[in-house]
1. Which whole-number percentage describes the relative contact order of segment 4-163, with Cα contacts under 8 Å and a sequence gap of 6 or more?
2. Just need the relative contact order of the chain here, percent rounded to a whole number, with Cα pairs under 8 Å and 6+ apart.
3. Here are some values of percent of Cα pairs over 25 Å apart: [x] 55; [y] 45; [z] 67. Which one was computed from this structure?
4. Treating only the Cβ of Lys, Arg, Asp and Glu as charged (+1, +1, -1, -1), what charge dipole size does the chain show about its Cα centre? Round to the nearest 20 debye.
5. Which value in nm describes the separation of the simple spin-label points at R264 and R187, placed 7 Å from the Cα toward the beta carbon?
6. Tell me, in nm to one decimal, what length is gained between T122 and K215 on full extension, where the rule is 0.36 nm per residue of separation less the Cα-Cα distance?
7. Does segment 19-138 come out rounded, prolate or oblate by the C-alpha gyration tensor, with a ≥ b ≥ c the root eigenvalues, rounded set by a/c under 1.5 and, if not, prolate when a/b is larger than b/c and oblate if not?
8. Would you mind computing, in nm to one decimal, how far apart the modelled labels at Q103 and V60 are, each placed 7 Å from Cα along Cα→Cβ?
Amino acid sequence: MIPLHDPQDALRPTAIALGSFDGLHQGHRRVIAAVTDSLLPGDEVVVPTVVSFWPHPREVLHREPRLRLDLPEEKLTLLEPLGIRQLVLVPFTLPLAALTPEQFVVQVLADRLQARRIAVGTNFRFGVARSGDADDLARIGAAHGIDVRVVPMLWDGTERVSSSRIRRALAAGDIGEAERLLERPYRFSGQVVSGRGLGRTLGWPTANLQVDGRKFLPLEGVYAALAWRDGDEPAMAAVMNLGPQPTVDPLAPSAVEVHLLDRRLELAGARLTVQPLRLLRRQQAFASLEDLSAQIRRDADQARQDCLARDGVL
C-alpha cells in the first residue's frame, strides 16, 4: 500500500495532484492523470503525489462537520492503481489559512514538497479567504519553475460530476447513481462490536458495526449488501439495516447491523467491509416482533436475489 505522509515526511521532489479528491470520482481521476500521464523519461526521481488537506477547511474555519466519502486510509488503496506513490495530508490550521496564495505556493508546494508539476481542477481555490484561483496558481507556479496544469470540469448531462452530487445520491438511497458517478463501488468498514443480541433472539443474528463517525453513510433503511471479513474474498451475501430500531427499541441510536445470508461465522472483533447494493425499503415500526421477523425474511429473500446476481458471491 502506498504511504500516507505529513508534508515534512514526504518523498521529494513531487508531481502533485492537488485538491480534496473526496470520493475519487471520474473528474478527480482526470486531474490525477494530468500528473501521472505527463511524466517523461528522466522523471523517475519525481514522485507522483496526491496532496489534500485534513481536516476539511470548513471544519476549521466555520466549525462545520464534514463527513467524507473516503477516509484517508481508504484513499490509499484507491490511489495506488492510478499511479500515485504517496498521499500527503497537509494539516489545515488557522495559520495555514492565513497564508496568501503566493506564500502557500512558496512555503508548502515549492519549498516543503519541492513540486515540479501541479495539476488542479478549474474550480480550485486557495490562500487566505480563498483569494487564489487556478489562474493564480499557474502564474505563481511559473514564477517558481513549477509547471501547472488546469483540468476542465467533467460534466454529466447538465450537471458537473462532483462529490456533492454523489452525497445527494447516497442520501437518497440511490446506490446505483452513486456508483455510476464514482465508476466504482461505494463501501465502508467497521469493527464488529457486541450488541444486545436482539437479532439472535428473532432468529436473525447480526454483526453490529462501529463505523468511523467521519464516514458519509447512505440513507437510513434496509439494504441488500455484500460483506467481506477482514478483506477476505469472495464477497458474502448480506442484508443490512442502517438506522434505529423502531420496533424493538425506538429510542436506540442509529446503528449499522449486518446479517450474513446462509452463513454462521464468528465475527466478534473482526473488521467487516460492507458494500450496499440496493435500498430494499425504509425503516418502519411493526405491530409485533413476529411481524418484524416475517418482514426480515422477505428482506433476506430479496437481498439474496440481488447478491446472487453478482459474480463471485457466496
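Readers should treat all values here as calculations from the given coordinates under stated rules, not as data from a laboratory. Everything quoted here is computed from the prediction, not taken from an experiment. Cβ placement follows ideal geometry from the backbone for every residue including glycine, while neighbour counts extend to all protein chains displayed.
1. 31
2. Numbers: 617 pairs, mean separation 50.8, N = 314.
Once normalised by length, the contact order is 16 percent.
3. [x]
4. 340
5. With each label placed 7 Å out from Cα toward Cβ, I get 2.8 nm.
6. 30.8 nm
7. oblate
8. Computed distance between label sites Q103 and V60 equals 1.2 nm.
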